[in-house]
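Each value in this text was obtained by applying a stated rule to the coordinates, not by laboratory testing. What you are looking at is a predicted structure, and each value in this text was computed from that prediction instead of being measured.
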Amino acid sequence: MKKRRFVVALVCLVVCLMAAGLAGCGGGNAGGGNGDAEGEPQMVGAYGEDRALTDEDMAVFEEAMAGLLGVSYEPTAVSTQVVAGMNYCFTATATPVTLDPEPYNVQIFVFKSLDGEVELTDIVELD
């Protein structure tokens, strides 16, 4: 009976961590530190609070966006998620490179692996 309770509790914990990670970025995290730039710990599986970009964040952003043409992206905030590496969620203003462009807001998702490789994973337009 104790083993069954342990398994149920473990499954609940895993589901909660996964839900926190899928909830998006910048909304805080469930019960952990916010993983700010001053070195406060961040709960694994959850995005931290939105914060200003550091030089390191900007370097990751620039590496991920290198080579993209047609739209200019200006990051305004970032939140991070500790995984087997680091997920970044950049909030940015996107401006098409056209006559009379209409800027719009996006979230840009980037993964940085433990060995330092940076990969753009998604760009989502915000309503």
Full-extension gain in nm, E62 to V83, via 0.36 nm per residue minus C-alpha separation: 5.5 nm
How large is ³J(HN,Hα) for each residue in the range 55-67, as worked out from phi by the Karplus curve 6.51 cos²θ - 1.76 cosθ + 1.60 (θ = phi - 60°), to whole Hz, x for Gly and Pro? 4, 5, 4, 5, 5, 5, 4, 5, 5, 5, 8, 4, x
Interchain or long-range residues, amide H under 5 Å from A46's placed H: V82
Evaluate the relative contact order of the range 57-110 (contact order divided by residue number), counting alpha-carbon pairs under 8 angstrom at least 6 apart; express in whole percent. 31
Residue separation times 0.36 nm, minus the C-alpha to C-alpha distance between Y104 and D55: what's the value? 15.2 nm
